[in-house]
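Student: The structure follows.
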Amino acid sequence: LERELGHTLFERDGRQVHLTPAGRTLLQESEKLLNEAEQLIRKIHNAASEIRQYRLGATMTAGGYVLPKLLAQYMRKHPEVNLDLHIANTNEIADMLKKHRLDMALVEGPFDKKCFFYEPLLEDELVAVGAPGFAEKELSLADYLEKGKRLILRETGSGTRWHFDCFRQEHNLPPPRRRCILEISGFDAIKQLVRSGFGISVMSELAIQDELAAGTLSKARFMEGPIRRSINFIYMPNENLKFAEDFISFCRKMTRKSLEKRQK
C-alpha cells in the first residue's frame, strides 16, 4: 500500500508501530468510505426488498422508556418496515450518526445543531429519586451536597448527567465530592442501589413510572428549581429524509394521544 501511494504510512520503532500523518488521513478517509459503502448496500437492499430496514439510535431514557412502544406501534401500522434500535449515550449516538451507521436517533442530551437536522418530540423533567420516604415533595440540592451525601449518577457523556451538571453550575452549587459520587451507566443498577437506600439519583420521571406506581421508589423536585429538557429526533441531512419525516410525524401524533389520555 505504501509503494502504491508513494508515501510512508507507518513509523516502525522496534516492536512499536505508529501511523504517520499520511496514515492517519488514510485511516479516517477509509472509515468514511466503508461507512458510506455500508449505507449504500442498505439502500440497495431496501429498494430491492419488500421489507425496508432502518437503524435507529437512542439515548438511555429515550431508548428505554419512550421509543420502544412507538417502534412497535409504527411497525404494526407499516408491516413493510423493520426497525432496529441501538441504545448508547449521547456522544456515542452522535458519532454513529456522523459515520452513517444510523438513519436517525432520539436523544435527550446536547448535540451539534450545525451538524444535524433536529425535531423536538416532547419535554421531560429530571427529578431526585430515592427510596420511599427519602424526602418530602422538595429537596434542597445545595444542602444535600453540603452534607456530603451520596449521589448515584449516570456517566459523563450521558444526556442526564450533562443536564444535571448544567443545572448545578447555573445555581452556583459546588461539584459533589468525588468520594460521594458513584457513576453507573445503566438505569437498572441505579434503581437497585437507590431502592436499597444507598443514596439518591437524578433521572427522568419517564424512567421511574412503574416504580412510582408500585411504591418501590419515590421522587422529589429540587427547591432550586426544575431541571427541564427537550427530547429530540436528530438525523443527518443526507439520510432517508422521507422515512424520517414520516416516522417523526407518527411519533408526535402517538405521543400527543398518550399525553391527552394521561391527563384525562
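Student: Looking at segment 171-224, which trypsin sites (Lys or Arg not before Pro) are DSSP coil and have at most 16 other C-beta atoms within 10 Å of their C-beta?
Tutor: In loop regions of segment 171-224 (DSSP not H, G, I, E or B), the sparsely surrounded trypsin sites (Lys or Arg not before Pro) are 177.
Student: Further, regarding this structure: For segment 27-78, what does the accessible surface come to per residue with a 1.4 Å probe? Please give it in Å².
Tutor: With the other protein chains kept in place, segment 27-78 gives 60 Å² per residue.
Student: Contact order normalised by length for segment 138-264, with contacts defined as Cα pairs under 8 Å and 6 or more residues apart; what percent is it?
Tutor: For segment 138-264, the relative contact order is 30 percent.
Student: Name the residue farthest towards the positive end of the dipole of the chain from the options 196, 91, 151, assuming +1 on Cβ of Lys and Arg, -1 on Cβ of Asp and Glu, about the Cα centre.
Tutor: Going by the Cα projections, it comes out as 196.
Student: Please identify every one of the chymotrypsin sites (Phe, Trp or Tyr not before Pro) in segment 143-212 that sits in a loop by DSSP and has no more than 16 other beta carbons within 10 Å of its own beta carbon.
Tutor: Sites meeting the loop and neighbour criteria: 198.
Student: Dividing the convex hull volume of the Cα atoms of the chain by its residue count, what figure in Å³ per residue is obtained?
Tutor: Per residue, the Cα convex hull of the chain comes to 187 Å³.
Student: Any idea what angle helix 159-170 forms with the longest principal axis of the chain, computed on alpha-carbon atoms, 0 to 90 degrees, nearest 10?
Tutor: Helix 159-170 sits roughly 60 degrees off the main axis of the chain.
Student: When ranked by the protection proxy of mean other Cβ atoms within 10 Å per residue, highest first, what sequence do the peptides 168-174, 225-231, 9-15 form?
Tutor: The peptides rank, most packed first, as 225-231, 168-174, 9-15.
Student: Another question, then. Compute the helix-to-body angle for 21-48: its Cα long axis versus the longest principal axis of the chain, expressed 0 to 90° and rounded to tens.
Tutor: Relative to the chain, helix 21-48 is tipped by roughly 80 degrees.
Student: Testing the spin-label approximation: label points 7 Å from Cα along Cα→Cβ at residue 28 and residue 125. State their distance in nm.
Tutor: Between residue 28 and residue 125, the simple spin-label model gives 4.4 nm.
Student: Hey, which of these cross-link pairs are over 29 Å Cα-Cα: 69/113; 69/191; 77/191; 98/242?
Tutor: Flagged as over cut-off: 77/191.
Student: Then there's this: Taking all protein chains together and a probe of 1.4 Å, list 86, 7 from the most accessible to the least accessible.
Tutor: From most exposed to least exposed: 7, 86.
Student: So, by mean Cβ neighbours within 10 angstrom, what's the order for 124-130, 21-27 with the highest one leading?
Tutor: So the order, starting with the most tightly packed, is 124-130, 21-27.
Student: Then there is this: Which percent of the accessible heavy-atom area of the chain goes to carbon and sulfur, probe 1.4 angstrom?
Tutor: 51 percent
Student: Another one. For segment 64-115, what is the convex hull volume of the alpha-carbon atoms per residue, in Å³?
Tutor: Dividing the Cα hull volume of segment 64-115 by its residue count gives 92 Å³.
Student: Would you mind computing, in nm to one decimal, how far apart the modelled labels at residue 230 and residue 205 are, each placed 7 Å from Cα along Cα→Cβ?
Tutor: The two pseudo-label positions are separated by 2.0 nm.
Student: Another question, if that's okay. For segment 80-216, what is the accessible area per residue in Å² when the probe is 1.4 Å?
Tutor: In whole numbers, segment 80-216 has 49 Å² accessible per residue.
Student: How far, in nm, would the chain grow between residue 173 and residue 260 when pulled straight, counting 0.36 nm per residue and subtracting the alpha carbon separation?
Tutor: Going from the current span to full extension adds 27.6 nm.
Student: Efficiency by 1/(1 + (r/R0)^6): what FRET value for residue 180 and residue 142, r their Cβ-Cβ distance, R0 = 22 Å, to the nearest 0.05?
Tutor: The computed FRET efficiency comes out at 0.95.
Student: Sticking with this one: So what is the calculated 222 nm ellipticity per residue for the chain, using -39500 (n - 2.57) for each DSSP H run with n of 4 or more, over all residues, to the nearest 500 deg cm²/dmol?
Tutor: For the chain, the value works out to -13000 deg cm²/dmol.
Student: Starting from segment 72-109, pick out the GluC sites (Glu not before Pro) whose DSSP state is loop and whose Cβ has at most 12 other Cβ atoms within 10 Å.
Tutor: Qualifying residues, ordered by number: 80.
Student: Further question: Keeping all protein chains in position, work out how much accessible area residue 113 exposes to a 1.4 Å probe, and write it in Å² to the nearest 10.
Tutor: 120 Å²
The values are calculated or read from the model by the stated rules, or taken from the named source; none is laboratory data. Quantities reported herein were computed from a predicted structural model and do not represent experimental measurements. All Cβ positions, glycine included, derive from the backbone under ideal geometry; neighbour counts span all protein chains shown. Accessible surface areas use protein heavy atoms only, side chains included; no ligands, DNA or RNA. Shrake-Rupley method; radii C 1.70, N 1.55, O 1.52, S 1.80 Å.
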